[in-house]
1. Considering only protein heavy atoms and a probe of 1.4 Å, how much of the accessible area of the chain is carbon and sulfur, as a whole percent?
2. Scan around Met7 for amide H atoms under 5 Å from its own, H built in the peptide plane at 1.01 Å from N, and keep only partners 5 or more places away or cross-chain.
3. Mind checking segment 7-113 for trypsin sites (Lys or Arg not before Pro) that DSSP puts in a loop (not H, G, I, E or B) and that have at most 16 other Cβ atoms within 10 Å?
4. Report the relative contact order of segment 65-129, percent, no decimals, based on alpha-carbon pairs under 8 angstrom and at least 6 residues apart.
5. Given the -39500 (n - 2.57) contribution per DSSP H run of 4+ residues, what per-residue ellipticity at 222 nm results for the chain, rounded to the nearest 500 deg cm²/dmol?
6. Roughly what percent of Cα-Cα pairs across the chain reach past 19 Å?
7. Would you mind telling me the antiparallel percentage of the DSSP bridges in the chain, rounded to 5?
8. Mind scanning Lys42/Lys129; Lys4/Lys31; Lys58/Lys129; Lys80/Lys129; Lys31/Lys137 and naming the pairs with a C-alpha gap bigger than 22 Å?
Amino acid sequence: MMVKLSMIVLDVDGTLTDGKITYGTGEAELKSFNIKDGLVIKAMQVIDLPVILLTGRKSDAVSRRGAELGCIVFDNVSDKVTVLKEICANRDIMLSEVLYIGDDLNDYAAMRLCGLRGCPSDAVEEICKISNFVSSKNGGDGAVREITEHYLRHADLWCTVLEHYNII
């Protein structure tokens, strides 16, 4: 089954991270990101597939990681549906061609609009029920890699990633 994939939208906390927020001294919050998730996100540049980070929180760690991976970051977003629709309209992308990976109730309405949906294994029940693919991994533990790779294979794009790394 071939799918058309034009953009990937990722929630951050609980999807790219384990959902924990660690505060140290000062104002900075600490987050951990999985390197395997990062590699597949970085590979999206090879196939000209935009990756959007769409998060309800404002975090320097997310801004930094997004920049490292070549993602466009929309943070401090309270209405993910409106922002998602604007992003798609500005890029002339149909919602049916968007892969949205999320994990919690604040992702639900935006995810329902997208044709492709995935979530980590530890996502809330409501998100698991609407997801086309539920990862065997928890958020922050490689779930984004597994979900993205699954859809790239079905969109016949994975071979381009493998060629980039001189595997085929």
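1. On the way: 4200 of 8470 Å².
It is 50 percent, rounded to a whole number.
2. Under 5 Å from the amide H of Met7 lie the amide H atoms of Leu99, each far enough along the sequence or on another chain.
3. Details: sites: Lys20, Lys31, Lys36, Lys42, Arg57, Lys58, Arg64, Arg65, Lys80, Lys85, Arg91, Arg112; in loops: Lys20, Lys31, Arg57, Lys58.
Answer by residue number: Lys20, Arg57, Lys58.
4. Numbers: 69 pairs, mean separation 17.3, N = 65.
Over segment 65-129, the number comes to 27 percent.
5. Helix contribution divided over all residues of the chain: -10500 deg cm²/dmol.
6. Numbers: 7267 of 14028 pairs.
Every Cα pair in the chain considered, those over 19 Å come to 52 percent.
7. On the way: 2 of 17 bridges.
Looking only at bridges with both residues in the chain, the antiparallel portion is about 10 percent.
8. Listed pairs above 22 Å: Lys42/Lys129; Lys4/Lys31; Lys58/Lys129.
The values are calculated or read from the model by the stated rules, or taken from the named source; none is laboratory data. Computed from a predicted model, the values in this text were never measured in an experiment. Cβ: placed from backbone, ideal geometry, glycine included. Neighbour counts: every protein chain shown. The area values use the complete protein model at the heavy-atom level, side chains included, leaving out ligands, DNA and RNA. Shrake-Rupley method; radii C 1.70, N 1.55, O 1.52, S 1.80 Å.
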